Amino acid sequence: MKAPPRRIVTGHDAAGKAVVVFDDHCPHYATSPVQEELRSYEVWETQGMPVPINSSDKDPMDRPHQMQPVANGCRIRIADIPPDIPELSQPDKIATYFSALGTPDATTALEKSQPHPLMHRTETVDYGVVIEGEIVLVLDDSEVTLRPGDVCVQRGTNHAWSNRTDQVARIAFILIDGTYEGALQAK
């Protein structure tokens, strides 16, 4: 298992001077009993735009894990995605996997003809930056392999992340709350 990512959060003291509020290894994370090497480290979350900048030292991640950001919010997380395992193709394991990540309703994998057992869709725009390892972005009818330094802008699509190597991949995700428009609302 990889070491948790280090998190440095700055803020202001009562006099408005710049200070370090948190310097720790991400204490908030979720894992799945189906695949214990999976780690979803919660780094930070903002609520609403524009984001209030104040002198609070409250950790917004000190609450139960959920996949999506709050309404009108933004979240950053670091995910350690282990190699795919056959057990993840079992319907009960799929449900357990997504429940452990805080969003059981995100899965689309139980629908017919999905190309990967971890297919899911959220009403978000996600920026994914591969830090280390290799990962395959699986879409409805295509795939793209991403390597360190590659960036994916995932715009509310049905997708899965498939690790077909023998090493854990580490990816930074920035998730922004979104709203489906037009024909996408009915999907």
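Derivation of every value follows stated rules applied to the coordinates shown; laboratory data play no part. From a predicted model like this one, the values you see are computed outputs, not experimental measurements. With ideal geometry, Cβ positions are generated from the backbone for all residues, glycine too; neighbour counts draw on all protein chains shown.
To the nearest 20 debye, what charge dipole does segment 51-141 have about its Cα centre, counting +1 at the Cβ of each Lys and Arg and -1 at the Cβ of each Asp and Glu?
280 debye
If you filter segment 49-112 for trypsin sites (Lys or Arg not before Pro), then keep DSSP loop positions with at most 15 other Cβ within 10 Å, what is left?
Sparse-neighbourhood loop trypsin sites (Lys or Arg not before Pro): K58, K112.
Relative to the longest principal Cα axis of the chain, at what angle does helix 91-100 sit, 0 to 90 degrees, rounded to 10?
0 degrees
Using modelled amide H (1.01 Å from N, peptide plane; none on Pro or chain starts), what sits under 5 Å from the amide H of H28, excluding residues fewer than 5 places away?
It is E42, by chain and number.
Hand me the GluC sites (Glu not before Pro) from segment 60-164 located in a DSSP loop with no more than 12 other Cβ atoms within 10 Å, in residue order please.
Qualifying residues, ordered by number: E111.
For T157 and Y180 in one chain, what is 0.36 nm times their gap in residues minus the Cα-Cα distance, to one decimal in nm?
That pair, T157 and Y180, stretches by 7.3 nm at full extension.
Which length gain, in nm to one decimal place, applies between S56 and D92 when the Cα-Cα distance is subtracted from 0.36 nm times their residue separation?
8.8 nm
What list of ³J(HN,Hα) values in whole Hz, one per residue of segment 124-136 in order, does the Karplus curve 6.51 cos²θ - 1.76 cosθ + 1.60 (θ = phi - 60°) give from phi, with Gly and Pro shown as x?
Karplus-based 3J(HN,Hα) across segment 124-136 equals 9, 9, 10, 9, x, 10, 6, 8, 8, x, 9, 9, 10 Hz.
Return the long-range amide H neighbours of E132 (sequence gap of 5 or more, or a different chain), with a cut-off of under 5 Å between placed amide H atoms.
When sequence neighbours closer than 5 places are left aside, the close amide H contacts are R170.
Quick check: pseudo-label points 7 Å beyond the Cα along Cα→Cβ at E123 and T103, how many nm apart are they?
So the two model labels end up 1.2 nm from each other.
Can you give the helix-only mean residue ellipticity at 222 nm for the chain, where every DSSP H stretch with n ≥ 4 adds -39500 (n - 2.57) and the sum goes over all residues, rounded to the nearest 500 deg cm²/dmol?
The per-residue figure over the chain is -1500 deg cm²/dmol.
Looking at the chain as a GNM with Cα springs under 10 Å, which of H120, H12, H28 has the largest mean-square fluctuation?
Largest GNM mean-square fluctuation: H12.
Residue by residue, what Karplus-based ³J(HN,Hα) values in Hz, rounded to whole numbers, does segment 40-53 have, using 6.51, -1.76 and 1.60 with θ = phi - 60° and x for Gly and Pro?
Computed from phi, the couplings for segment 40-53 are 10, 8, 8, 9, 6, 9, 10, 10, x, 10, x, 6, x, 10 Hz.
Which is farthest toward the positive dipole end of the chain among Q185, T10, Q154, measuring Cα position about the Cα centre, with Cβ charges +1 (Lys, Arg) and -1 (Asp, Glu)?
The one lying farthest along the dipole's positive direction is T10.
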